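This report refers to the structure that appears directly beneath it.
The values are calculated or read from the model by the stated rules, or taken from the named source; none is laboratory data. Predicted model, so just to flag it, every value in this text is computed and none were measured. When we count neighbours, we look across all protein chains shown, and the Cβ atoms used for this are built from the backbone with ideal geometry, even at glycine.
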Amino acid sequence: MFVGRRMHSIKWEYCNLVRIVSAIGAFERLVDFLPDNGRILLVTTAGFTRRGLSQKVIEQLGKARVLVFDEITPNPELNDLDQATTRFVPEPITGIVAIGGGSVMDAAKVLSVTLPCGFSHPLHKVLREASGHQWQKNLPVIAVPTTSGTGAEVTPFATVWDGRQKKKHSVTGELIYPQLALLDPELTLSLPEQETLYTALDAISHSLESLWNNNRTPVSEAFATQALRLAIGAFPIVLGRPGDLTARAKMQQASMLAGLAISQTRTAIAHSISYPLTIHYGVPHGLACSFTLIEIWKQCRYSASEILNTDFVMKTMEMLEGLNLANEMNKYVREEDVVGLIGEMFAPERAGNYIMGMDRLALEKILQLSLKK
């Protein structure tokens, strides 16, 4: 039982290049972390501009220094990011500030390497045409998360979606790490209920995916287990009392810790299952990568790692059961449509990280059980 557990704790390594600053009101200190000169590209959404956050950045830095790019939508599209690169290349940008959720973080991290790369339509060239280009330069990114889910503020990868080819790509490497993660839980207080639910599910899935992972280390396990402990206590509170700042801060910490875990292990089978559901049917990422967690855990809990049978993991499963994610999935896609995508659910860079084997028959069973109401 638990074959391989001993070996993974003997040979391992860990590195994360992101400075983390966490405090209530940290957003008001943004200017303290930016270079004194040069233009700053603010990457955010139109919603945050309407709520006045873009103006607050302008007030801190001065109007002449800030270029606002607030056109980010969920699941950043390859063509849109290439167009943004073309648009902002002529500007003397010295740094990027990303304020928003995972999609904003991903877009900012992508732009941090495409803007200085020196050729047009870089994502088309690198991702679609698989040119083999290696990113050589980057612009420093300050990541200011407003959701508690992706942990993108501390990871070395960014997701790019290609709606034209129905593919999900990743831009990865040490240059993708933000320079600074600025955590201010006050920025999460206005997060609507559904986004609070789905992003928190993403953080929980990151923690679990890093535990049933071939690349897990003692350090990643420590981050993931602490993330789950925080989430068990805070998640129900933020759903019931969204204005509870203490609970919001704990969920923000859980998300960041889960991000630190997957920054080393990457994600596994649950995320591999999720990608075609988001691409074809628009299932929100946090839901798409979490509705199978209970059944995946049942498959691997007795043959992967003893940590999967600890009290806090079982409490996590009880919490997930109470959310009835099958009903949430039914809002977006039918069971037969989910099963029909099985052939696209074995992304090797994710499914291969799962500590157990997975074939088509086993996956079909997991999907059917996960979607049972």
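Things to note:
- Unmet requirement for residue 314, which otherwise passes all of (1) within 22 Å of the chain's Cα centre (by Cα); (2) surrounded by fewer than 19 Cβ atoms within 10 Å (Cβ to Cβ): (1)
- Criterion (touching a strand residue (DSSP E or B) at 6+ places or on another chain (Cβ under 8 Å), free of Cβ contacts under 8 Å to residues at least 40 places away in the same chain and not polar (S, T, N, Q)) met by exactly one of 57, 68, 97: 68
- Set side by side, the residues 272, 263, 207, 255 differ, and just one is closer than 30 Å to residue 353 by Cα and in contact with a Leu (Cβ under 6 Å, 6 or more places away or on another chain), which is 207.
- Residue ID - surrounded by the most Cβ atoms within 10 Å (Cβ to Cβ), chosen from residues in the range 244-299 that are without any contact (Cβ under 8 Å) to a residue 60 or more places away in the chain and among the polar types (S, T, N, Q): 274
- Selection within the range 193-232: residues that are in a helix (DSSP H, G or I) and among the aromatic types (Phe, Trp, Tyr). The member of this set that is surrounded by the most Cβ atoms within 10 Å (Cβ to Cβ) is 223.
- The range 320-342 residues that are surrounded by 13 or more Cβ atoms within 10 Å (Cβ to Cβ), paired with ones that are of a type in the set (Lys, Arg) and in a helix (DSSP H, G or I) (beta carbon under 7 Å, 6 or more apart): 342/360
- Among the residues of the range 156-172, the ones that are closer than 13 Å to residue 106 by Cα and either at pLDDT 95 or above or not charged (D, E, K, R) (or both) come to 10 in all.
- Here the range 98-121 is the region considered, the condition is being touching a His at 6+ places or on another chain (Cβ under 9 Å) and at pLDDT below 95, and the residue that is farthest from residue 179 (Cα to Cα) is 119.
- When restricted to residues that are closer than 27 Å to residue 233 by Cα and hydroxyl-bearing (Ser, Thr, Tyr), the range 300-340 contains 4.
Residues checked against (1) at pLDDT 90 or above; (2) touching a Leu at 6+ places or on another chain (Cβ under 8 Å); (3) of a type outside the set (Ser, Thr, Tyr); (4) assigned by TED's automatic domain parsing to the domain that holds residue 179:
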{"site": "2", "(1), (2), (3), (4)": "no, no, yes, no"}
{"site": "15", "(1), (2), (3), (4)": "yes, no, yes, no"}
{"site": "18", "(1), (2), (3), (4)": "yes, yes, yes, no"}
{"site": "33", "(1), (2), (3), (4)": "yes, yes, yes, yes"}
{"site": "39", "(1), (2), (3), (4)": "yes, yes, yes, yes"}
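- Counting only strands (runs of 3 or more DSSP E) wholly contained in the range 15-84, the ones carrying 2 or more residues that are of a type outside the set (Val, Ile, Thr), touching a helix residue (DSSP H, G or I) at 6+ places or on another chain (Cβ under 9 Å) and more than 23 Å from residue 163 (Cα to Cα) occupy 19-22, 39-43.
Residues are listed down the side, and each one gets a yes or a no for (1) under 16 Å from the mean Cα position of the chain (by Cα); (2) over 28 Å from residue 12 (Cβ atoms):
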position: 249; (1), (2): no, yes
position: 273; (1), (2): yes, no
position: 281; (1), (2): no, yes
position: 296; (1), (2): no, no
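- Helices (runs of 4 or more DSSP H) wholly inside the range 256-373 that include at least 3 residues being on the phi < 0 side of the Ramachandran plot and either modelled with pLDDT of 95 or more or of a type in the set (S, T, N, Q) (or both): 269-281, 285-288, 293-300, 311-323, 325-330, 335-339, 360-370
- The set of residues from the range 39-97 being under 21 Å from residue 182 (Cα atoms), hydroxyl-bearing (Ser, Thr, Tyr) and in contact with a Pro (Cβ under 7 Å, 6 or more places away or on another chain) comprises just one member, 94.
- Of residues in the range 352-364 being surrounded by fewer than 19 Cβ atoms within 10 Å (Cβ to Cβ) and in contact with a helix residue (DSSP H, G or I) (Cβ under 8 Å, 6 or more places away or on another chain), the one farthest from residue 229 (Cα to Cα): 360
- Scanning the range 30-54 for residues that are within 27 Å of the chain's Cα centre (by Cα), free of Cβ contacts under 8 Å to residues at least 24 places away in the same chain and exposed (fewer than 14 other Cβ atoms within 10 Å of the Cβ) returns 32, 47, 50, 52.
- All positions within the range 96-122 that are within 24 Å of residue 200 (Cβ to Cβ) and not hydroxyl-bearing (Ser, Thr, Tyr): 98, 99, 100, 101, 102, 104, 105, 106, 107, 108, 109
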